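The values are calculated or read from the model by the stated rules, or taken from the named source; none is laboratory data. Remember, it's a predicted structure, so these values are computed and weren't measured experimentally. Here the Cβ positions follow ideal geometry from the backbone for every residue, glycine too, while neighbour counts run over all protein chains shown. All accessible areas refer to the heavy atoms of the entire protein, side chains included, with ligands and DNA or RNA removed. Shrake-Rupley method; radii C 1.70, N 1.55, O 1.52, S 1.80 Å.
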Amino acid sequence: MAKGKTATIFFCQNCGHESTKWMGQCPACKEWNTFVEETVSKSAAKASGSGGGRVSSGQSADPCVLAQVMIQEESKLLTGIGELDRVLGGGIVQGSLTLVGGDPGIGKSTLLLQVCRNLAQSNHRVLYISGEESRVQIKMRADRIGDFTDQMLLLCETNLEDIEEVIRREKPEVVVIDSIQTMFNDNVSAAPGSVSQVRESTGVLLQLAKGLGVSVFIVGHVTKEGTVAGPRVLEHMVDTVLYFEGDRYASYRILRSVKNRFGSTNEIGVFEMREQGLTEVVNASEYMLTGRPENASGSVVACTMEGTRPLLIEIQALVCHSNFGIPRRQATGTDFNRVNLLMAVLEKRSGVQLAGCDAYVNITGGMKIMEPAIDLGIVLSILSSFRNQVLNPKLIAFGEVGLSGEVRGVSMAKQRVAEAQKMGFEICVLPWVNAKDIARGSAGDGKDNMQIIGVKTVQDAIDSLF
Ligand code: TYD
Ligand code: MG
């Protein structure tokens, strides 16, 4: 590379791929026209090169005996928001770096402001740094959320050197950076939000977090357009990555953990956006099933797992005769190709004449579910709509459907059945292998009021339900 103090590197603004020359198409993410030239100073390149460089926490480079490393359990801070604590793996770990990503306007700032409020109330010193909004704007949002104690400090700043200085002076326990795309480092000449700025800023925050033991939350906007570097380029540098998802038009929000060095991933937290900020949704299944139509054909409840949590969802299908040569198929909230495949299985293995039918499949509530365990639910809802036959509203189905029409076992069947029972369902159609397990375990634990129908094939399910 260049011999001087600075080098120019071309970064893909979409995925962060580096190149020494400009390219029309990114070889990594295949996006076109995303390369932008950025100047990186030697020191910056070093710091952000491989995952932020060595994490210096004051210790020398001596190896130690793993068995003798002590873990302090009590160092996890509770945020006071149960759903978030669970997603984080039991609370905020001291000195951790957490990325909270999501579309603009989804509620990232609101959630973190609520976290700050709770922490400040339990006498922890927190510092909320905003590069996006003015003090008055933040105050206006804070007023909707509630009262804040004196432990909550606010800073509107984008220069990372100043921020570093404030953190070292004020010594907060928790710092929120809202958002990483607005942060600016003098070492890097690129504009805020560019890949090299975002990486360099995260590198600085990483050093601060590990060095001083402050827990840092970084907000990152995910945008499809290449103008602002997506936080995906810094996923590998942080300890925990949380994504805030949800339909802009529905009020619920799902917080998903996609990487967690301190707990299980794929845990979700469910929230609802209200007038006074985000509230936890404790019973997510109930929330997802509200407003379910009664006596409607094509509606089936299935059970999916979100991490370790069972979640009941409603699948709706509408199958009607096509007026055109090529039938229309549409899937909302699940995989389109999967729906086509399941319809082909129904047609071939059970002789249901679907070839001339339009089909629309929808997971209600704006949820996106890719788990194969909802296959059986999709198949039953399609058939129910095709035959215009209403299925028992107290019925729930789950199971993966294979290409020969067999119903394959899924994981955590017991938890799914228990959730269905809790929600008042009475009939459960599930893979035969899982049914065997459940029958064995259910002897005395009061699951007798649930009728369990184990099926080996889709045809079995059709025979016992229609
Ligand atoms: P915000 O936290 O600003 O989103 P982000 O930081 O992810 O960009 O959330 C903004 C949205 O939330 C905004 O559209 C208004 C809504 N909102 C409420 O409905 N109720 C509330 O109490 C608050 C604070 C925001
Ligand atoms: Mg915001």
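Worth a mention:
- Residue check for G220: closer than 24 Å to L88 by Cβ, more than 16 Å from ligand 1 (Cβ to nearest atom) and among the small types (G, A, S): no
- Among the residues of the range 83-120, those that are within 15 Å of ligand 1 (Cβ to nearest atom), open to solvent by 50 Å² or more (accessible area, probe 1.4 Å) and not charged (D, E, K, R) comprise P104, G105.
- Residues of the range 383-409 satisfying the condition of being open to solvent by less than 40 Å² (accessible area, probe 1.4 Å) and under 23 Å from Y287 (Cβ atoms): L391, L395, I396, A397, F398
- The set of residues from the range 278-292 being in a loop (DSSP other than H, G, I, E, B) and in contact with a strand residue (DSSP E or B) (Cβ under 6 Å, 6 or more places away or on another chain) comprises V281, R292.
- Residues in the range 246-264 that are in a loop (DSSP other than H, G, I, E, B) and within 16 Å of ligand 1 (Cβ to nearest atom) were compared, and the one that is most open to solvent (accessible area, probe 1.4 Å) is Y249.
- Count - residues of the range 271-309 that are polar (S, T, N, Q) and open to solvent by less than 30 Å² (accessible area, probe 1.4 Å): 3
Here is a yes/no grid of residues against (1) in a loop (DSSP other than H, G, I, E, B); (2) within 21 Å of the chain's Cα centre (by Cα); (3) surrounded by 14 or more Cβ atoms within 10 Å (Cβ to Cβ):
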site: L311; (1), (2), (3): no, yes, yes
site: P327; (1), (2), (3): yes, no, yes
site: V361; (1), (2), (3): no, no, yes
site: G365; (1), (2), (3): no, yes, yes
site: I369; (1), (2), (3): yes, yes, yes
site: L376; (1), (2), (3): no, no, yes
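- Some residue of the range 441-448 being in a helix (DSSP H, G or I) and either in the same structural domain as R329 (by TED's automatic domain parsing) or within 33 Å of the chain's Cα centre (by Cα) (or both): yes
- Near pairs, Cβ below 9 angstrom, 6+ apart or cross-chain, from the range 121-147 (more than 16 Å from ligand 1 (Cβ to nearest atom)) to any residue that is part of a loop (DSSP other than H, G, I, E, B) and aromatic (F, W, Y): Q121/F148
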